[in-house]
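Read through the structure below, which is laid out as structure tokens, and then see the notes.
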Amino acid sequence: THSKISIRSSPIDTPLEEDDDYLIGKAYFDCRDYRQCVHAIRVESIGTASQKHRPSHRAFFLRCYANYLLGEKIKEQEIQESENIASTNHSIVNKQIPETLSHLLIRQKDGILDAFGYYLLGIILRKEQ
């Protein structure tokens with residue numbers, strides 16, 4: 001009495017169209033060039049209503065995580081600069097968080113945010129507290 005489990009991939013899981021975008025983005029990410037990684041994975045495809053143009057889960061996560069890390073990198077540079085000029089009156093924050101959070105919340109609302117997306121969403125919401 002063995003039942004067969006069928007694992008079908010949905011269009012959002014098959015990275016055929018953006019495979020090149022993902023691979024280029026991954027190469028930039030591995031080089032810690034987060035800005036180029038974010039730009040390599042098509043912006044217009046994230047958060048759109050059409051599933052046809054949505055990146056795969058892995059490309060989506062890579063872009064969002066790179067965007068978050070880019071903001072952290074810029075924030076760290078701004079903190080170092082402010083220490084040099086001794087002006088720490090203003091609060092230095094990750095300016096990429098609102099955009100990244102928006103993309104994650106759209107996927108969550110559509111019911112297609114995966115575990116890695118929820119992980120990143122948790123990190124961002126924790127930072128916001």
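The values are calculated or read from the model by the stated rules, or taken from the named source; none is laboratory data. Everything numeric in this text was worked out from a predicted model, so none of it was measured. Ideal geometry is used to build each Cβ from the backbone, glycine not excepted, and the neighbour counts take in all protein chains shown. The area values use the complete protein model at the heavy-atom level, side chains included, leaving out ligands, DNA and RNA. Shrake-Rupley method; radii C 1.70, N 1.55, O 1.52, S 1.80 Å.
Summary table below
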read-out: Condition check for His103: surrounded by 19 or more Cβ atoms within 10 Å (Cβ to Cβ), under 23 Å from Asp21 (Cβ atoms) and at pLDDT below 95; value: yes
read-out: Residue within the stretch 56-74 that is over 23 Å from Arg107 (Cα atoms) and at pLDDT 95 or above present; value: yes
read-out: Pair list, Cβ under 7 Å, 6 or more apart: the stretch 76-103 residue over 22 Å from Tyr34 (Cβ atoms), other residue open to solvent by less than 90 Å² (accessible area, probe 1.4 Å) and at pLDDT below 95; value: Thr88/Ser82
read-out: Residue check, Ala86 modelled with pLDDT of 95 or more, exposed (fewer than 13 other Cβ atoms within 10 Å of the Cβ) and not basic (Lys, Arg); value: no
